[in-house]
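The values are calculated or read from the model by the stated rules, or taken from the named source; none is laboratory data. As the structure is a computational prediction, the values presented were derived from the model and not from experiment. Cβ placement follows ideal geometry from the backbone for every residue including glycine, while neighbour counts extend to all protein chains displayed. Surface areas here come from the heavy atoms of the whole protein model, side chains and all, with no ligands, DNA or RNA. Shrake-Rupley method; radii C 1.70, N 1.55, O 1.52, S 1.80 Å.
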Amino acid sequence: MQVTMIGAGYVGLVSGACFADFGHDVCCVDLDPGKIDRLHAGVMPIFEPGLADLVAKNVKAGRLTFTTDIAEGLAKAEAVFIAVGTPSRRGDGHADLSYVHAAAQDIAKQLTRYTVIVTKSTVPVGTGDEVERLIRAANPDAEFAVVSNPEFLREGAAIEDFKRPDRIVIGTEDARAVAVMTELYRPLFLNRSPLLFTARRTAELIKYAANAFLATKITFINEIADLCEAVGADVQDVSRGIGLDNRIGSKFLHAGPGYGGSCFPKDTLALVKTAQDFGVPVRIVETVAAVNDTRKRAMARKVVAAAGGEVRGKTIAILGLTFKPNTDDMRDSPAIAIIQALQDAGAVIRAYDPEGTEQAKLVLKDVHYAQDAYDAAQGAEVAVLVTEWDAFRALDLDRLKTVMAHPALVDLRNVYRPEEVRARGFTYASVGR
Ligand code: NAD
Ligand code: UDX
């Protein structure tokens, strides 16, 4: 099939490369000429494991192309995916739909035959109706269907998630669109990935409900972790003890510094706003968003305590800046709030991240970027493990101790065993233990 992807970001580029790998002909269109130039040169605009090889393979096979020219991108399309950003709107927390609406207008002008327009961006309930209205107004004779097909991939595991999804949700009641979407995803039938067909509004809501539920699970275990610290229990054992109950499930019960990333923070907020607009507030999600927001900055208090109650003028080493490992994405990373809180308290920050430094430089000021964990720890009073990159899972603690001013480790991902670290002469704090 001929597929066009509008937006070549984390979702558009991965989805486009995976559809091409299934054998479809894919053209990725992006407004950003720098991104398209890099892709033409074989350079990935984002860090995602396996993506460079997948893109190279499919470009070589002639199934994957890139352009900034929407007319060229849409010339042969049978299905057009909208995979542009839907960030929080400044000021009110609603999803900013301006990129989606602009993409819809761009598509409308190019439609010459029946085309399935698929919203892959995460969009509030009713956006499909609005996209349909915009296209109809701009091109009254166009033959098309607007389908909701939310994406559930995680960064860092995006290709595997796209190719082996737990489910594919398709929101449409148009029979021709059902046939096109079934054909597109047919290669996944081998993996027995279920296709769930629903009404369009239902599909739109499934995406927000899924993210809000996962964010709730994380926030729940984070609050239990705080309680564990107060009562002398171990949150990892609590997680295991409850997660083995199949009704609860063991995933997304890892306590930490609060969830970050390009999805959970903005999507919980947008769901809260939608629910308020409809007069049906989702109070659990309101609380989850508020609790998570305060948690990130509060993690700085653990660091201050490990530094003896004062960080003014002291060097703090930050290990890991991205919101999770195996991505370069800094959007809403807990590291940002933690570093800013420590800087406000007068700390000097040395930081190291295996892939996120370039993105971090765009959001953080006055940080010294180090070459590795030991370089970051030079002269530091406390080392803070913020992101559980593999590079931090087996640190040489003796070496770390020799370069630090004072051996203290704050492990916000519970990577180490407390007794082991303390046995090496470190002051050690973690989360919920
Ligand atoms: P992103 O910012 O990485 O990429 C968006 C791309 O769209 C950018 O490259 C931008 O230049 C381009 N763009 C914007 N308007 C355009 C237009 N009119 N024509 C062509 N290109 C245009 O965003 P992302 O992280 O890929 O997220 C995209 C959507 O997918 C969002 O709605 C997000 O919530 C959702 N989503 C993201 C993830 C994730 O892990 N990042 C997972 C699931 C769903
Ligand atoms: C998330 C959803 O998982 C995915 O389905 C959706 O499509 C996009 O949003 P992503 O943001 O890439 O994916 O990463 P995810 O692995 O979900 O982690 C999000 C945040 O939660 C990270 O900051 C992570 O560290 C945190 N997290 C996750 C925890 O603190 N504990 C956990 O147990 C799991």
Does segment 351-362 contain any residue that is free of Cβ contacts under 8 Å to residues at least 12 places away in the same chain, under 23 Å from the mean Cα position of the chain (by Cα) and closer than 26 Å to E381 by Cα? yes
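For segment 93-114, what are the residues that are within 18 Å of G16 (Cα to Cα) and touching a residue at least 40 places away in the same chain (Cβ under 8 Å)?
A103, I107
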Is it the case that segment 8-24 has a residue that's among the small types (G, A, S), touching an Asp or Glu at 6+ places or on another chain (Cβ under 6 Å) and more than 16 Å from ligand 2 (Cβ to nearest atom)? yes
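Can you tell me which of L342, L271 is within 16 Å of ligand 1 (Cβ to nearest atom), modelled with pLDDT of 95 or more and in contact with a helix residue (DSSP H, G or I) (Cβ under 8 Å, 6 or more places away or on another chain)? Quick ask: steps written out before the conclusion?
Working: L342 fails: within 16 Å of ligand 1 (Cβ to nearest atom).
After ruling out the rest, the residue left standing is L271.
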Output the number of the condition that P265 fails; it satisfies all remaining conditions of (1) under 19 Å from the mean Cα position of the chain (by Cα); (2) in a loop (DSSP other than H, G, I, E, B). (2)
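I'm trying to understand the selection: among the residues of segment 377-409, which are of a type in the set (D, E) and either under 19 Å from A300 (Cα atoms) or open to solvent by less than 10 Å² (accessible area, probe 1.4 Å) (or both)?
Of everything in segment 377-409, those that are of a type in the set (D, E) and either under 19 Å from A300 (Cα atoms) or open to solvent by less than 10 Å² (accessible area, probe 1.4 Å) (or both) turn out to be E381, E388.
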Can you tell which of E155, E151, E204 is within 13 Å of ligand 1 (Cβ to nearest atom), in contact with a helix residue (DSSP H, G or I) (Cβ under 7 Å, 6 or more places away or on another chain) and outside the structural domain of V29 (by TED's automatic domain parsing)? E204
Residues being within 9 Å of ligand 1 (Cβ to nearest atom) and open to solvent by 50 Å² or more (accessible area, probe 1.4 Å) - total across segment 1-48: 2
For segment 328-336, state whether one or more residues are within 12 Å of ligand 2 (Cβ to nearest atom), out of contact with any Cys (no Cβ under 7 Å at 6 or more places or on another chain), open to solvent by 20 Å² or more (accessible area, probe 1.4 Å) and at negative phi. yes
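Test of understanding: among G425, G432, which residue is open to solvent by less than 70 Å² (accessible area, probe 1.4 Å) and farther than 29 Å from I224 by Cβ? Quick ask: steps written out before the conclusion?
Values: G432 fails: farther than 29 Å from I224 by Cβ.
Unique residue meeting the criteria: G425.
Filter segment 125-156 down to residues that are within 16 Å of ligand 2 (Cβ to nearest atom) and open to solvent by less than 30 Å² (accessible area, probe 1.4 Å) and give me whichever is farthest from the chain's Cα centre (by Cα). Give the derivation first.
Restricting attention to segment 125-156, the residues satisfying the condition of being within 16 Å of ligand 2 (Cβ to nearest atom) are 148-156.
After this cut, where a residue has to be open to solvent by less than 30 Å² (accessible area, probe 1.4 Å) as well, the list is 148-151, 153, 155-156.
Details: S148: 20, N149: 17, P150: 14, E151: 11, L153: 9, E155: 5, G156: 9 Å.
Applying the filter and picking the extreme gives S148.
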Hey, A360 hits all of (1) open to solvent by less than 30 Å² (accessible area, probe 1.4 Å); (2) within 25 Å of Y208 (Cβ to Cβ); (3) assigned to a helix (DSSP H, G or I); (4) within 16 Å of ligand 2 (Cβ to nearest atom) but one; which does it fall short on? (2)
Hits in segment 86-124 (condition: of a type in the set (G, A, S), at negative phi and open to solvent by less than 40 Å² (accessible area, probe 1.4 Å)): A95, A103, A104, A108, S121
Residues satisfying the stated conditions in segment 228-260, i.e. in a loop (DSSP other than H, G, I, E, B), surrounded by fewer than 12 Cβ atoms within 10 Å (Cβ to Cβ) and of a type in the set (A, V, I, L, M): L244
